[in-house]
Each structure stands twice: as C-alpha cells, then as structure tokens.
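Below is one structure, written out as structure tokens, with a few remarks after it.
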Amino acid sequence: MSVAVVIDDRVTNRNILTRLARLLEDDIVVKAFGDPAEALRWCEGNTPDLVVTDFKMPEMDGAEFISRFRRMPLCFDVPVIVVTVYEDRQLRYQALEAGATDFLLSPIDHREFRVRGRNLLTLRKQQQTIKRRAQFLERKLETSDRLHEQALRDSQEMLLQVIDAVPAAISATDSDGRYVFVNSYLATFLGINPDEALGQRPADILGMDWGAAHETQD
C-alpha cells in the first residue's frame, strides 16, 4: 500500500491534488497538509512513497521544503512532484536543484498527473524491491562468510588434532623462527607443556648449540 503526501496552503488546490492522488492506486493512502512544516513533522515518523507539493507558499516555499525533506534519513530517494502556476524557468531550476523529481504546471492536466504519478510510484516500488534484494544478498553473504570461517576453523582444529596425535616430533615456526605449534610428542621429548614453547625460539628451549642446529635444519 502506497502513501502519498499532498502539500498546498490553498484549500481548493489541496482538495484537487488530494482527489487526483487518490486516483493513482486503488488502495493508496493520501495525507494532505496546508503547512509544509507540519508535513515535515509528520514525515519524521512516516516515510511516504510520493510527495506532491506546491512551490509558492507563505511560510516555507517548495525549494526549502524539499531541501529539508531530502535531509531526512529515509526520504532522500522519495519522488517529489512540484506543482506551481508560475512558468518562470528560475523557479523550475530552484525546485529541481533542491531535489524535486518532477515538475508540473497548474492548472494541472489530470491525465498527465495520473501518468506521471503512477510512473513515479512504480519507480519507487522498483527501488524498494532492489533495496530489499540487496539487503537479502548482503545478509546471505554475511551468513555464508560466517559458515565458511567456522568450517575453516573446524578444519584447522581437526588437522591440529591429527598432527598432535602423530608419534613423531612435529613443530612449526613463523618467519622469525618462533614456535607457533609444537605437537605432544615433541613437547614430551623436550619435557615441557606444548603451550610453553609458543613464541619461543628453539635456542630458548634447546640451548644455543642444539637450537642453532635445529633452526638450520628447519
């Protein structure tokens, strides 16, 4: 169900825009405001799917309204149609630069309004579908990464358990020659706990002569 917001300080125009907006979809909900500031307050807690606003209003013009509307977290991509009786190209530029999506002159061609409004609502729905799909794929990727990391940790743990059970002296060192792994057989031979060897060099445990020979052998 789509939600449209209509803003116009003149009652007659507001009623006309509201009636036209209700023809865009069968179940569309239309919220009408005579004061753009009131509309902004409503949008703080509600995100519309389409906004139709007058440009020339006494307290806040359409450009200021759109600019403030666009700064709201969930309203940066909501389509906005600006309606005005003025044909001044500068006003059109102001509306578009503020973030207006489309621009209509009054008196409004009812058919043109319906076509443009429906097209923008369709575009909005497509954007929402793409956004939901992207969020779904992002969650799926995060889950896949977590499962992959867990499988890798399980595989490494299993490999270490196998190596630890082998009746042979097995160890691994980093690029600095410090132990990162010592299996139980080698630790028993050295008379230490396997964890005691981690971070140490062979010379720290075996002494300089045996340690140097061991490092050369590695």
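At a 1.4 Å probe, what is the % contribution of carbon and sulfur to the accessible area of the chain?
Values: 6980 of 13590 Å².
In the chain, the share of accessible area belonging to carbon and sulfur is 51 percent.
Please turn the phi angles of region 81-97 into ³J(HN,Hα) values with the Karplus equation 6.51 cos²θ - 1.76 cosθ + 1.60 (θ = phi - 60°), one per residue in order, whole Hz, x for glycine and proline.
9, 9, 10, 7, 7, 7, 9, 4, 4, 5, 5, 4, 4, 4, 5, 5, 5
Based on the Cα gyration tensor of region 110-162, what are the three equivalent ellipsoid semi-axes, each the root of five times an eigenvalue, rounded to whole Å and given largest first? Show your work: numbers first, answer last.
Working: eigenvalues 518, 3, 3 Å².
So the three semi-axes of region 110-162 are 51, 4, 4 Å.
May I ask you to list the lysines whose Cα is less than 26 Å away from that of Lys125, ignoring any residue fewer than eight positions away on the same chain?
Lys125 reaches Lys31, Lys140.
When the Karplus curve 6.51 cos²θ - 1.76 cosθ + 1.60 is applied with θ = phi - 60°, which whole-Hz ³J(HN,Hα) does each residue of region 6-11 get, with x for Gly and Pro?
10, 10, 7, 6, 9, 4
Between Ile7 and residues 5 or more places away or on another chain, which pairs have amide H atoms under 5 Å apart, with H built 1.01 Å from N, and which residues are they?
Residues meeting the amide H criterion: Phe33, Val52, Thr53, Asp54.
If you restrict to DSSP beta bridges whose two residues both lie in the chain, what percentage is antiparallel, to the nearest 5?
Details: 3 of 20 bridges.
Approximately 15 percent, going by the DSSP bridge assignments.
Just the number please: accessible area per residue for the chain, 1.4 Å probe, all protein chains included, in Å². Could the numbers behind the result be given before it?
On the way: 13590 Å² over 218 residues.
Each residue of the chain exposes 62 Å² on average to a 1.4 Å probe.
At 1.4 Å probe size, with no ligands or nucleic acids counted, give the accessible surface of Leu137 in Å², nearest ten.
80
For Arg132 and Glu59, calculate 0.36 nm times their separation in residues minus their Cα-Cα distance, and state this gained length in nm to one decimal. Write down the numbers at each step before the final one.
Numbers: separation 73, 0.36 × 73 = 26.28 nm, distance 3.74 nm.
So the extension gain works out to 22.5 nm.
Under the rule of at least 5 residues apart or a separate chain, name every residue whose amide H is placed under 5 Å from the amide H of Phe181.
Residues meeting the amide H criterion: Ala172.
So if the hydrodynamic radius of the chain is defined as the Kirkwood radius over C-alpha pairs, what does Stokes-Einstein give as its diffusion coefficient at 25 °C and 0.890 mPa s, in µm² per second? Provide the component values of the computation, followed by the final result.
Values: Rh = 22.8 Å.
This corresponds to a translational diffusion coefficient of 107 µm²/s.
In whole angstrom, how far apart do the alpha carbon centroids of region 35-87 and region 158-206 sit?
69
If each of Arg114 and Asp27 carries a label point 7 Å out from its Cα toward its Cβ, how far apart are those two points in nm?
Each label point is offset 7 Å from its Cα along the Cβ direction, giving 2.1 nm.
The values are calculated or read from the model by the stated rules, or taken from the named source; none is laboratory data. As the structure is a prediction and not an experimental result, all values here were calculated from the model. A quick note on method: Cβ atoms are made from the backbone with ideal geometry, for glycine too, and the neighbour counts reach across all protein chains shown. Heavy atoms of the whole protein, side chains included, go into the accessibility calculation; ligands, DNA and RNA do not. Shrake-Rupley method; radii C 1.70, N 1.55, O 1.52, S 1.80 Å.
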